[in-house]
Amino acid sequence: MIKKVLIANRGEIAIRVMRSCREMDIASVAVYSEADRNSMHVRYADEAFFIGPSPSSESYLNVENIIGAAKQAGADAIHPGYGFLSENAKFAERCEKEGIIFIGPSPFSISSMGDKITARKRMIKAGVPVVPGTAEPITDETLAISKIEEIGLPVMIKASAGGGGKGMRLVKKKADILSSIRSARSEAITAFGDDAVYIEKYIESPHHIEFQILADKHGNAIHLFERECSVQRRHQKVIEETPSPLMTPELRMEMGSHAVAAAKAAKYYGAGTIEFIVDDNLNYYFLEMNTRLQVEHPITERVVGVDLVKEQIRIAEGKKLELKQEELEQFGHAIECRIYAEDPDKNFMPSPGVIKHITEPLGLGVRHDGYVYEGYEIPIYYDPLISKLIVWAKTRPEAIDRMKRALWAYKITGIKTSIPFLARIMETNDFINGNYNTHFIEDNADFLMKRQACGKRCEDIALITAYFHYKERLDNSSGKKNGVLDKSDWKDFGRKLAVKRL
Amino acid sequence: MIKKVLIANRGEIAIRVMRSCREMDIASVAVYSEADRNSMHVRYADEAFFIGPSPSSESYLNVENIIGAAKQAGADAIHPGYGFLSENAKFAERCEKEGIIFIGPSPFSISSMGDKITARKRMIKAGVPVVPGTAEPITDETLAISKIEEIGLPVMIKASAGGGGKGMRLVKKKADILSSIRSARSEAITAFGDDAVYIEKYIESPHHIEFQILADKHGNAIHLFERECSVQRRHQKVIEETPSPLMTPELRMEMGSHAVAAAKAAKYYGAGTIEFIVDDNLNYYFLEMNTRLQVEHPITERVVGVDLVKEQIRIAEGKKLELKQEELEQFGHAIECRIYAEDPDKNFMPSPGVIKHITEPLGLGVRHDGYVYEGYEIPIYYDPLISKLIVWAKTRPEAIDRMKRALWAYKITGIKTSIPFLARIMETNDFINGNYNTHFIEDNADFLMKRQACGKRCEDIALITAYFHYKERLDNSSGKKNGVLDKSDWKDFGRKLAVKRL
Amino acid sequence: MSLEIKIDDRTARLKLIEKNGNMLKVEVDDRIYELDCVMVEPGVYSVIYNNISYNIELIEKKDHRHYNVNTLYNSYDIEIIDAETKYRKNRSKDELDDIRKIASPMPGKVVKIPVSIGDKVKAGDTVIIVSAMKMESEYKVQKDRTVKEILVKEGDTIDGDQTLIVVE
Amino acid sequence: MSLEIKIDDRTARLKLIEKNGNMLKVEVDDRIYELDCVMVEPGVYSVIYNNISYNIELIEKKDHRHYNVNTLYNSYDIEIIDAETKYRKNRSKDELDDIRKIASPMPGKVVKIPVSIGDKVKAGDTVIIVSAMKMESEYKVQKDRTVKEILVKEGDTIDGDQTLIVVE
């Protein structure tokens, strides 16, 4: 039985993990960098250990210091959250060596699913569909042409030593095949000194759909249905929802069993995610596996009614899964919006700084997982994710209405956030109709960037308020308190209105 | 179609109603008294009208001013919330006369269910069990004795003109029957000039269980299962949960159909609650009907998955119920704690005042419906309810764990609250075992009032903190800022620790 | 530097050994504490002692020597007894041994004052009734007394701890 | 009393007609507003105008004349142009017609300064790279310039709007 867990993370996910620990009567140990002494996770934990300077390479990625803290605290286990060391096989191995339970999969699963080529081969063996393409690098032009004809257009030619878009060519027309191979190879040899290429089927309007899986150490594995993650900006997920508007019951069953097969093929235990790419004709292909808790796990928790962190901990304790596939179902609809400290009007530039004021959205069907508070300074060193807003409703249209309401009520000043941008997405027809793929933000850029006009009257009221503040401030420097009215002023006002209106 | 709703209420319930309005794209109109200009409901609404001085008799109960505001705003409908005018048949009638939809039942239903004797008779006619007793006042001693024998001991003898405990006698033993009748009657004639008495079955360990019903204007009525409300202090509910730990599926079905029958007998439409008293042998009796939304409605919303305010609005619009009895089910378990501004250590004395600091509990399975914010002054004029904390989990034990976690994380300073008392209830064996009735708080008073000791070390840390604050304050008056460290201090600290520990 | 601090009924002696920014070394009675004390929000402290994380909330009362301090489920009244306090305490010792000022700990509205100036009242007699949030509280004298001053009138809105009536 | 207020690119003339506590009567350009303006939380105003409820959030920038003001989904820069501002503006008009001070609007860390004092740089050349939250931003000169001052060095942590490099 795990009695004390060190959470090797910060921000909202550290607190989210600690909440489940607290409910399980497990003590939680925070670790913090120099920049994080004031962070909420330090205050929320039962114990807190300093692990180094602000840059994550010297603190949250510092294996020695984290292991040191865990041993000093006498922690039975370490939960890595997401990011940082969560998919680091060496860290998992080190925990094992030190006799500390790593709350996650085995080092073997992490490393074998972490390498894309190994993972791809393993999936092919397990009968899970992968994006059609060549398994080995090609250096022969004729072979390349015949492979392309086999796979069918459109295809993507990729330099096998490549990266960063260099040596990549999208081929849509038959006439371009030869010239594309040649130019890709010539670019590749210049850039990497190697002209070998891969050929992969190009998915034109891809949907990003992932399946949550849970597997125990006794060979039992289940899936907890899908999450639709196609609303992305620069390959970063912005909004996720479940069920996917694209999904059919048959497809869900089929993809779900492939997800379970994938987990079993990796001898996986713990919580994990199988990411698929799905085209408009509902063909789906294994993309990769995330061997950790995902940022967007709460929408699954809400719709399926499980606490995934508690399941992770129970699995780590060696317990058998109590959830049975046939007993699970999706109830209603959930949407998550990621709230980032960034300025959507200035090309999403990060916006660290001090939170001057915050009003969090609450009420029916709203979950809010955050970590900032009034007066907190968001550090410059880490991810700009401030919080996650998760809504649930019986139907998708109601969930969208609820998300609009929650975004409307969510106020943060002092920094810029993505809230207005997210609110705009909720009003985009393609989103409302559930008719979108990973090109959604690009395709709707004009609509998304146009801001609702506040109108002249509203502008006037903004400037009158600024003037009022300015005036109160000047007046107060000669006597009164800081702009808040005292009781006597207030009573005058009340009486005056009473006379005037009633 | 309703396009604009005036909410004739304040506090958490006003905001709760406005949230659903916003999701339905209905404009909301707030009304406010002198004390409430700064209240959150004024800020949350689209429009706001001043309706009078602070005492509720001059504002929230002022029918003329509320109707005036509704007409000036052009509101189609008025939602009364709970309390104030919500069960006032005359107000409902007045709305009708003014052509404003009253979001609630008809004036007829309100008045006929509001009077206990009329309601009792109506229930008997509809076949709903009521507490056994005499239907008419008795002035004859022999008849009284035979009635008591018919009903069976224990019974309660009540002066029919009575009130305030005068002329009431509990009879447990046969030997006491005659003397009790005589003393009750003699006390009654002295107190009220009338010696007529009623006789009612006395329920020894009563459970307070209520059923939520919804009925439309087309004669359709359903129930949304029960709420267990036996945790009460001075007849005020403190904690509610659903499902009731006492309930069996058979009993639920039977009580549910009686609740629906009760609603139909009152020609009811809208949302309403049928309150029952249940004894240890699962005999149940109609107690009264609440012809409005209840404070504790969110636990039903969570477990059944409906938005009761939206249902109220749809019913008021004349729509047919879309929910079908056979499609409804209870999923998981929900508990609500009412957070009051009161001091449990000083006999629950009300504690109005300024909220200095607040941290609201968030995360998986937690709903928080409140209205206060940092710097807000809770007025002395109204109910001390600050907020409602509602948790959901798959099972009752997990829900209790979650409520403990949420109460732990909920911090309010500046006023006293019932939070420590509620946390203590979560640790009481009778509550944990689901083995409680309305005597629960009384029966567990010793345990509930004993506070967990903070221990000498924790006391020392409290006093060191106070000393630190005192010292910083003295030092700052000679230069530095208000106790918050500046960056350079911080860096020193970081380095120092780094040297020391790593 | 050393002073006395009163926490509810206990009086502790606190001695500051070292202070370096937010790092504090103090002796409380006979125990030595080294801790890291940071005000993270106005009136909210995060204290780390022996790697245990404590949240302490603190509200200043009438002056910078009087605080209401909350730990997890406990609430303490704390008074820093500095030189000035000691001087005043000694001087007013005999005045303080009985309650002569009637005040309500909660803000509210004066409902009724059933006494007049000069009235002689008996121990247990109610001298003022205050209402807040629909609950009425009666304030009584502890001993036989004479009403000396009445500082409020019926219907007045009062603050918590405001002196309402003086008896002698 | 009348003054100019700049809201983004628009300059409005505001005249105070009457002020009674939080009740305000003002003229903005040609329109008259009577409204009820209350600061409910630090920097958060509740404004009721014609019974419409507005929430306005306001952050003071470098001084009491400069604000960032948020309405529902809009954010404005507002400047109160009082007599002192006018005087200064007239004086420095020609100095202001080009950006000579390079600053980053966001706080962050200086990653690289590819120039030295005295360097002649061309329009579009990068003079400093700042990183925050794992994203790097390059700051360039708008015209051909000479680097006059470099006020920070690589690795420094900087505030938003802090002058980093001066060119001429």
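Centroid-to-centroid, using Cα positions, the range B:1-53 and the range A:81-146 are 55 Å apart.
Inter-copy label distances at residue A:186, using a point 7 Å along Cα-to-Cβ, come to 12.0 nm with the shortest given first.
When Cβ neighbours within 10 Å are restricted to other protein chains, what is their mean count per residue of peptide B:31-44?
Values: counts 0, 2, 1, 7, 3, 0, 11, 8, 2, 3, 1, 6, 12, 5.
That works out to 4 on average.
Using the structure shown, select from B:471/C:62; A:121/A:217; B:388/C:153; A:3/B:237; B:147/B:267; A:319/B:394 the pairs with a Cα to Cα distance greater than 27 angstrom.
Values: B:471/C:62 17 Å; A:121/A:217 23 Å; B:388/C:153 36 Å; A:3/B:237 36 Å; B:147/B:267 32 Å; A:319/B:394 19 Å.
Long pairs (Cα-Cα over 27 Å): B:388/C:153; A:3/B:237; B:147/B:267.
Helix A:177-192 against the longest principal axis of chain A: what's the angle in degrees, Cα atoms only, rounded to the nearest 10? Approximately 70 degrees, to the nearest ten. Could you tell me which of rounded, prolate or oblate describes chain C, using a ≥ b ≥ c as the square roots of the eigenvalues of the alpha-carbon gyration tensor, with rounded for a/c under 1.5 and, failing that, prolate when a/b is larger than b/c and oblate otherwise? It is prolate, given that a/c is not under 1.5 and a/b is the larger ratio.
Please sort A:109-121, B:339-351 by packing, taking for each peptide the average over its residues of neighbouring beta carbons within 10 angstrom, highest first.
Working: A:109-121: 17.8, B:339-351: 20.2.
Put in order of decreasing packing, that is B:339-351, A:109-121.
Ignoring lysines fewer than eight residues from residue D:148 along the same chain, the ones with Cα atoms less than 16 angstrom from its Cα are D:101, D:120, D:122, D:140.
Counting pairs of Cα atoms in the range B:332-451, how many percent are more than 23 Å apart?
Details: 2223 of 7140 pairs.
Of all Cα-Cα distances in the range B:332-451, 31 percent exceed 23 Å.
Inter-chain neighbour count for B:386-396: the average number of beta-carbon atoms from partner chains within 10 Å of each residue's beta-carbon is 1. With Rh defined as the Kirkwood radius, the inverse of the mean 1/r over Cα pairs, the Rg/Rh of the range A:270-361 is 1.07. Between the C-alpha center of the range D:1-50 and that of the range A:436-452 there is a gap of 36 Å.
Amide H to amide H, with H built 1.01 Å from N, residue C:106 comes under 5 Å of C:161, counting only residues 5 or more places away or on other chains.
Kindly provide the helix-only [θ] at 222 nm of chain A, computed as the sum of -39,500 (n - 2.57) over DSSP H runs of four or more divided by all residues, to the nearest 500 deg cm²/dmol?
Values: 18 runs with 185 residues, N = 502.
It lands at -11000 deg cm²/dmol.
Counting only alpha carbon atoms, the long axis of helix B:116-125 and the longest principal axis of chain B meet at about 60°. Here's how it looks for residue A:231: its modeled amide H is under 5 Å from those of A:238, A:239, which are all 5 or more places away or on a different chain. Taken along its three principal axes, the alpha carbon spread of chain A comes to 90, 59, 48 Å, from the longest extent down to the shortest. Legend: mean number of C-beta atoms from other chains within 10 angstrom of residue C-beta atoms, peptide B:62-70, equals 1. I'd like the orientation of helix C:83-92 relative to chain C: the angle between its Cα long axis and the longest Cα principal axis, in ° from 0 to 90, rounded to 10. For C:83-92 against chain C, the angle is about 30 degrees. Here is the short version for chain A: A:21, A:95, A:229, A:337 have no other Cys C-beta closer than 4.7 Å.
The rotation axis taking chain C to chain D passes closest to the C-beta of one chain C residue; that residue and the distance in whole Å read C:42, 5. Values of log10 I(q)/I(0) for the protein assembly as shown across q = 0.09 Å⁻¹ run -1.42, by the Debye formula with one identical scatterer at each alpha carbon and no solvent. Between copies, the label points of residue A:126, set 7 Å from Cα on the Cα→Cβ line, lie 5.7 nm apart, reported in increasing order to one decimal in nanometres. Applying 1/(1 + (r/R0)^6) with R0 = 41 Å to the Cβ-Cβ distance of residue A:394 and residue A:205 gives a FRET efficiency near 0.90.
Ratio of Rg to Rh for the range C:84-167, alpha carbon only, Kirkwood?
On the way: Rg = 13.9 Å, Rh = 13.6 Å.
Radius of gyration relative to Kirkwood radius: 1.02.
In this assembly of identical copies, the label point of residue A:249 (Cα plus 7 Å along Cα-to-Cβ) is separated from its counterparts by 2.2 nm, sorted shortest first.
I need the peptides B:245-253, A:412-420 ranked by packing, meaning the mean over residues of other C-beta atoms within 10 angstrom, with the highest value on top. Intermediate results must be reported in sequence, preceding the final value.
On the way: B:245-253: 13.8, A:412-420: 22.9.
Order by mean packing, descending: A:412-420, B:245-253.
Between residue A:281 and residue A:176, the modelled labels are 2.0 nm apart [label points 7 Å from Cα along Cα→Cβ].
No value in this document is a laboratory result; all are computed from the given coordinates. Only a predicted model underlies this, so the values are computations on that prediction, with no experimental measurement involved. When we count neighbours, we look across all protein chains shown, and the Cβ atoms used for this are built from the backbone with ideal geometry, even at glycine.
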